[in-house]
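Notes to accompany the following structure.
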Amino acid sequence: MKHPKTAQQVKTLFSRVAKRYDFLNHLLSGGVDYYWRGFLTQRVKEQFPRDLLDLATGSGDLLISLRKRKAYQGIGVGGDFCFPMLTVAQQKGVRELSTADAMHLPFHDHSFDAVTISFGYRNVVDRPMALKEILRVLRPGGFLYLLEFSHPVVWWKKIYWKYLVEILPVMAQLWGAEVSDYDYLAETIRRFPNQKQLVQELKQSGFDAICYWNLTGGIVALHMAHKGST
Ligand SMILES: C[S@@+](CC[C@H](N)C(=O)[O-])C[C@H]1O[C@@H](n2cnc3c(N)ncnc32)[C@H](O)[C@@H]1O
(Lines give C-alpha, C1' and ligand atoms only; values in the text may rest on other atoms or scores of the structure.)
Protein backbone atom coordinates (compact mmCIF):
# COMPACT_ATOMS: atom_id res chain seq x y z
CA MET A 1 0.00 0.00 0.00
CA LYS A 2 1.14 3.57 -0.82
CA HIS A 3 1.98 5.96 2.01
CA PRO A 4 -0.99 7.96 3.36
CA LYS A 5 -1.34 11.46 1.96
CA THR A 6 -4.85 12.43 3.04
CA ALA A 7 -6.40 12.61 6.51
CA GLN A 8 -8.66 9.69 5.60
CA GLN A 9 -5.65 7.55 4.67
CA VAL A 10 -3.89 8.44 7.95
CA LYS A 11 -7.02 7.43 9.82
CA THR A 12 -7.17 4.14 7.93
CA LEU A 13 -3.53 3.39 8.77
CA PHE A 14 -4.05 3.96 12.50
CA SER A 15 -7.28 1.95 12.43
CA ARG A 16 -5.25 -0.93 11.02
CA VAL A 17 -2.42 -0.72 13.58
CA ALA A 18 -4.60 0.16 16.62
CA LYS A 19 -4.65 -3.28 18.25
CA ARG A 20 -0.89 -3.77 17.97
CA TYR A 21 0.02 -0.12 18.56
CA ASP A 22 0.99 -0.25 22.25
CA PHE A 23 2.96 -3.47 21.99
CA LEU A 24 4.98 -2.34 18.98
CA ASN A 25 5.47 1.12 20.45
CA HIS A 26 7.14 -0.21 23.58
CA LEU A 27 9.06 -2.90 21.68
CA LEU A 28 10.46 -0.68 18.94
CA SER A 29 11.45 2.10 21.33
CA GLY A 30 12.95 -0.36 23.82
CA GLY A 31 10.56 1.03 26.43
CA VAL A 32 12.13 4.53 26.30
CA ASP A 33 8.75 5.96 25.28
CA TYR A 34 7.67 5.72 28.95
CA TYR A 35 10.50 8.09 29.85
CA TRP A 36 9.61 10.53 27.03
CA ARG A 37 5.97 10.76 28.10
CA GLY A 38 7.06 10.94 31.75
CA PHE A 39 9.28 13.93 30.95
CA LEU A 40 6.36 15.72 29.30
CA THR A 41 4.12 14.86 32.26
CA GLN A 42 6.59 16.45 34.66
CA ARG A 43 6.78 19.67 32.60
CA VAL A 44 2.96 19.90 32.62
CA LYS A 45 2.83 19.24 36.35
CA GLU A 46 5.18 22.16 36.98
CA GLN A 47 2.56 24.49 35.44
CA PHE A 48 -0.32 22.54 37.03
CA PRO A 49 -2.97 23.70 34.50
CA ARG A 50 -6.68 23.44 35.15
CA ASP A 51 -8.28 21.86 32.05
CA LEU A 52 -6.20 19.89 29.57
CA LEU A 53 -6.69 18.44 26.10
CA ASP A 54 -4.46 15.57 24.99
CA LEU A 55 -4.71 15.76 21.23
CA ALA A 56 -4.03 12.76 18.96
CA THR A 57 -4.32 10.82 22.20
CA GLY A 58 -4.34 7.47 20.40
CA SER A 59 -4.31 4.62 22.89
CA GLY A 60 -4.24 7.14 25.76
CA ASP A 61 -0.81 6.46 27.31
CA LEU A 62 0.06 10.14 27.81
CA LEU A 63 -3.31 10.99 29.31
CA ILE A 64 -3.00 8.04 31.69
CA SER A 65 0.45 9.25 32.77
CA LEU A 66 -0.82 12.83 33.27
CA ARG A 67 -3.78 11.61 35.29
CA LYS A 68 -1.77 9.18 37.45
CA ARG A 69 0.75 11.85 38.36
CA LYS A 70 -1.98 14.42 38.99
CA ALA A 71 -0.42 16.83 36.51
CA TYR A 72 -3.59 18.90 35.99
CA GLN A 73 -6.33 20.14 38.30
CA GLY A 74 -9.56 19.95 36.33
CA ILE A 75 -10.82 18.05 33.31
CA GLY A 76 -8.47 15.97 31.09
CA VAL A 77 -9.89 15.09 27.67
CA GLY A 78 -8.33 12.82 25.06
CA GLY A 79 -9.12 13.72 21.45
CA ASP A 80 -8.33 11.70 18.34
CA PHE A 81 -9.97 11.22 14.94
CA CYS A 82 -9.35 7.48 14.83
CA PHE A 83 -12.12 5.54 16.53
CA PRO A 84 -10.25 2.18 16.87
CA MET A 85 -7.39 3.99 18.68
CA LEU A 86 -9.91 5.63 21.03
CA THR A 87 -11.44 2.20 21.66
CA VAL A 88 -8.05 0.94 22.88
CA ALA A 89 -7.78 3.98 25.20
CA GLN A 90 -11.26 3.27 26.52
CA GLN A 91 -10.34 -0.36 27.21
CA LYS A 92 -7.43 0.95 29.30
CA GLY A 93 -9.83 2.93 31.47
CA VAL A 94 -9.72 6.36 29.83
CA ARG A 95 -13.23 7.79 30.04
CA GLU A 96 -13.08 11.38 28.84
CA LEU A 97 -12.60 10.83 25.13
CA SER A 98 -13.73 12.82 22.12
CA THR A 99 -13.68 12.07 18.41
CA ALA A 100 -11.71 15.13 17.40
CA ASP A 101 -9.88 16.09 14.25
CA ALA A 102 -6.93 18.35 15.08
CA MET A 103 -7.74 20.46 12.04
CA HIS A 104 -11.37 21.09 13.11
CA LEU A 105 -11.55 20.80 16.88
CA PRO A 106 -15.03 20.27 18.33
CA PHE A 107 -14.41 22.58 21.31
CA HIS A 108 -15.34 26.18 22.10
CA ASP A 109 -12.74 28.95 22.01
CA HIS A 110 -10.68 29.20 25.21
CA SER A 111 -11.68 25.78 26.59
CA PHE A 112 -8.29 24.54 27.87
CA ASP A 113 -5.26 25.76 29.83
CA ALA A 114 -2.96 23.19 28.26
CA VAL A 115 -2.89 21.13 25.08
CA THR A 116 -0.53 18.16 24.86
CA ILE A 117 0.27 16.16 21.76
CA SER A 118 2.70 13.27 21.71
CA PHE A 119 3.84 11.60 18.50
CA GLY A 120 0.71 12.79 16.70
CA TYR A 121 1.61 16.19 15.28
CA ARG A 122 3.80 14.87 12.48
CA ASN A 123 0.88 12.75 11.23
CA VAL A 124 -1.44 15.73 10.89
CA VAL A 125 -1.92 16.51 7.21
CA ASP A 126 -2.40 20.29 7.62
CA ARG A 127 -0.13 21.32 10.52
CA PRO A 128 -0.68 25.14 10.32
CA MET A 129 -4.44 24.51 10.49
CA ALA A 130 -3.99 22.32 13.57
CA LEU A 131 -1.86 25.00 15.30
CA LYS A 132 -4.54 27.60 14.52
CA GLU A 133 -7.14 25.34 16.10
CA ILE A 134 -4.96 24.63 19.15
CA LEU A 135 -4.46 28.38 19.66
CA ARG A 136 -8.20 28.92 19.38
CA VAL A 137 -9.12 26.35 22.07
CA LEU A 138 -6.32 27.43 24.43
CA ARG A 139 -7.06 30.07 27.03
CA PRO A 140 -4.79 33.14 27.00
CA GLY A 141 -1.68 32.29 28.98
CA GLY A 142 -2.06 28.57 28.19
CA PHE A 143 0.64 26.24 26.91
CA LEU A 144 1.08 23.73 24.11
CA TYR A 145 3.39 20.76 24.87
CA LEU A 146 4.48 19.08 21.66
CA LEU A 147 6.44 15.83 21.98
CA GLU A 148 7.69 14.50 18.67
CA PHE A 149 10.47 12.58 16.98
CA SER A 150 13.17 15.01 15.96
CA HIS A 151 16.71 15.13 14.61
CA PRO A 152 19.47 13.54 16.73
CA VAL A 153 22.24 15.90 17.67
CA VAL A 154 24.84 13.35 18.75
CA TRP A 155 27.26 10.83 17.29
CA TRP A 156 24.74 7.99 16.93
CA LYS A 157 22.79 9.98 14.32
CA LYS A 158 23.87 7.69 11.45
CA ILE A 159 23.08 4.48 13.34
CA TYR A 160 19.70 5.88 14.31
CA TRP A 161 18.68 6.77 10.74
CA LYS A 162 19.79 3.30 9.64
CA TYR A 163 17.68 1.70 12.37
CA LEU A 164 14.70 3.80 11.37
CA VAL A 165 14.82 3.16 7.64
CA GLU A 166 16.21 -0.37 7.41
CA ILE A 167 15.60 -2.20 10.67
CA LEU A 168 12.42 -0.81 12.22
CA PRO A 169 10.02 -1.68 9.32
CA VAL A 170 11.44 -5.21 9.18
CA MET A 171 11.11 -5.70 12.94
CA ALA A 172 7.54 -4.41 12.83
CA GLN A 173 6.76 -6.86 10.04
CA LEU A 174 8.15 -9.74 12.11
CA TRP A 175 5.53 -8.87 14.74
CA GLY A 176 2.68 -8.93 12.24
CA ALA A 177 2.53 -5.29 11.09
CA GLU A 178 2.52 -4.23 7.44
CA VAL A 179 6.01 -3.20 6.40
CA SER A 180 4.66 -0.13 4.53
CA ASP A 181 3.00 1.21 7.71
CA TYR A 182 6.30 1.34 9.59
CA ASP A 183 8.14 2.47 6.50
CA TYR A 184 5.69 5.40 6.49
CA LEU A 185 6.46 6.02 10.17
CA ALA A 186 10.17 6.25 9.34
CA GLU A 187 9.52 8.55 6.40
CA THR A 188 7.40 10.97 8.46
CA ILE A 189 10.19 11.17 11.04
CA ARG A 190 12.81 11.92 8.37
CA ARG A 191 10.66 14.57 6.71
CA PHE A 192 9.65 16.28 9.96
CA PRO A 193 11.24 19.68 10.75
CA ASN A 194 14.23 19.72 13.05
CA GLN A 195 14.13 21.35 16.51
CA LYS A 196 14.82 24.91 15.31
CA GLN A 197 12.55 24.68 12.27
CA LEU A 198 9.72 23.58 14.55
CA VAL A 199 10.32 26.62 16.76
CA GLN A 200 9.84 28.78 13.63
CA GLU A 201 6.68 26.89 12.67
CA LEU A 202 5.20 27.51 16.12
CA LYS A 203 6.25 31.17 16.08
CA GLN A 204 4.70 31.73 12.64
CA SER A 205 1.41 30.32 13.91
CA GLY A 206 1.27 32.87 16.71
CA PHE A 207 2.84 31.17 19.74
CA ASP A 208 5.45 32.99 21.79
CA ALA A 209 8.02 32.08 24.47
CA ILE A 210 8.90 28.80 22.77
CA CYS A 211 11.51 26.54 24.27
CA TYR A 212 12.50 22.91 23.74
CA TRP A 213 14.34 20.02 25.35
CA ASN A 214 16.23 17.33 23.44
CA LEU A 215 15.54 13.86 24.82
CA THR A 216 17.73 10.82 24.16
CA GLY A 217 20.20 12.92 22.19
CA GLY A 218 17.51 14.63 20.14
CA ILE A 219 15.80 11.47 18.86
CA VAL A 220 12.78 13.09 20.46
CA ALA A 221 12.21 16.75 21.37
CA LEU A 222 9.64 18.36 23.62
CA HIS A 223 8.60 21.85 22.51
CA MET A 224 6.68 24.05 24.91
CA ALA A 225 4.90 27.09 23.46
CA HIS A 226 2.92 29.84 25.16
CA LYS A 227 -0.27 31.52 24.01
CA GLY A 228 -0.09 35.23 24.71
CA SER A 229 -2.92 37.28 26.11
CA THR A 230 -4.62 38.14 22.77
C1 LIG B 1 1.60 7.70 16.62
S2 LIG B 1 0.00 7.87 17.32
C3 LIG B 1 0.32 8.70 18.86
C4 LIG B 1 -0.66 8.32 19.93
C5 LIG B 1 -0.35 8.80 21.33
N6 LIG B 1 -0.42 10.23 21.45
C7 LIG B 1 0.97 8.30 21.85
O8 LIG B 1 1.73 9.07 22.46
O9 LIG B 1 1.24 7.10 21.70
C10 LIG B 1 -0.65 9.16 16.31
C11 LIG B 1 -2.10 9.45 16.58
O12 LIG B 1 -2.43 10.68 15.90
C13 LIG B 1 -3.75 10.58 15.46
N14 LIG B 1 -3.98 11.61 14.45
C15 LIG B 1 -3.33 11.80 13.27
N16 LIG B 1 -3.85 12.85 12.62
C17 LIG B 1 -4.84 13.35 13.41
C18 LIG B 1 -5.75 14.44 13.28
N19 LIG B 1 -5.77 15.23 12.19
N20 LIG B 1 -6.62 14.66 14.28
C21 LIG B 1 -6.65 13.87 15.37
N22 LIG B 1 -5.83 12.82 15.56
C23 LIG B 1 -4.93 12.57 14.57
C24 LIG B 1 -3.86 9.16 14.95
O25 LIG B 1 -5.19 8.73 14.84
C26 LIG B 1 -3.08 8.41 16.03
O27 LIG B 1 -3.91 7.94 17.06
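The values are calculated or read from the model by the stated rules, or taken from the named source; none is laboratory data. Only a predicted model underlies this, so the values are computations on that prediction, with no experimental measurement involved. Here the Cβ is made from the backbone with ideal geometry for all residues, glycine too, and neighbour counts use every protein chain on show.
Miscellaneous remarks
- Residues (buried (at least 20 other Cβ atoms within 10 Å of the Cβ) and either among the aromatic types (Phe, Trp, Tyr) or over 23 Å from ARG16 (Cβ atoms) (or both)) located in segment 68-84: ALA71, TYR72, GLY76, VAL77, PHE81
- Some residue of segment 34-46 being touching a residue at least 40 places away in the same chain (Cβ under 8 Å), more than 14 Å from the ligand (Cβ to nearest atom) and touching a strand residue (DSSP E or B) at 6+ places or on another chain (Cβ under 9 Å): yes
- GLY79, sole failed condition from (1) more than 10 Å from the ligand (Cβ to nearest atom); (2) within 18 Å of ARG122 (Cβ to Cβ): (1)
- Residue in segment 92-104 that is assigned to a helix (DSSP H, G or I) and more than 8 Å from the ligand (Cβ to nearest atom) present: no
- TRP36 satisfies every condition listed in (1) at pLDDT below 95; (2) assigned to a helix (DSSP H, G or I) except (1).
- Restricting THR99, THR87 to residues that are closer than 21 Å to THR12 by Cβ, surrounded by fewer than 24 Cβ atoms within 10 Å (Cβ to Cβ) and in contact (Cβ under 8 Å) with a residue 24 or more places away in the chain narrows the list to THR87.
- Residue check for TYR72: within 13 Å of the ligand (Cβ to nearest atom) and either free of Cβ contacts under 8 Å to residues at least 24 places away in the same chain or farther than 27 Å from THR6 by Cα (or both): no
- Restricting segment 57-69 to residues that are in contact with a helix residue (DSSP H, G or I) (Cβ under 7 Å, 6 or more places away or on another chain) and not basic (Lys, Arg), the residue that is nearest to the ligand (Cβ to nearest atom): GLY58
- Consider segment 24-33 and keep the residues that are within 12 Å of the ligand (Cβ to nearest atom) and assigned to a helix (DSSP H, G or I). The one that is modelled with the highest pLDDT is ASP33.
- Filter result (in a loop (DSSP other than H, G, I, E, B), more than 20 Å from VAL10 (Cβ to Cβ) and not hydrophobic (A, V, I, L, M, F, W, C)) within segment 50-84: ARG50, ASP51, ARG69, LYS70, TYR72, GLN73, GLY74
- Residue selected from segment 14-54 under the condition touching a Phe, Trp or Tyr at 6+ places or on another chain (Cβ under 8 Å) and over 27 Å from THR216 (Cα atoms), by the criterion surrounded by the most Cβ atoms within 10 Å (Cβ to Cβ): ASP51
- Any hit, segment 120-137, residues being within 12 Å of the ligand (Cβ to nearest atom), hydrophobic (A, V, I, L, M, F, W, C) and either part of a loop (DSSP other than H, G, I, E, B) or at pLDDT below 95 (or both): yes
One line per residue, one yes/no per condition, for (1) over 20 Å from the mean Cα position of the chain (by Cα); (2) free of Cβ contacts under 8 Å to residues at least 24 places away in the same chain; (3) loosely packed, with under 15 Cβ neighbours inside 10 Å:
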position	(1), (2), (3)
ASN123	no, no, no
MET129	no, no, no
GLU133	no, no, no
GLU148	no, no, no
GLY176	yes, no, yes
LYS196	no, yes, yes
PHE207	no, no, no
ILE210	no, yes, no
GLY228	yes, no, yes
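- Boolean, PHE107 is over 24 Å from LYS227 (Cα atoms), surrounded by fewer than 20 Cβ atoms within 10 Å (Cβ to Cβ), within 13 Å of the ligand (Cβ to nearest atom) and not charged (D, E, K, R): no
- Flag for VAL88 being modelled with pLDDT of 95 or more, assigned to a helix (DSSP H, G or I), hydrophobic (A, V, I, L, M, F, W, C) and more than 13 Å from the ligand (Cβ to nearest atom): no
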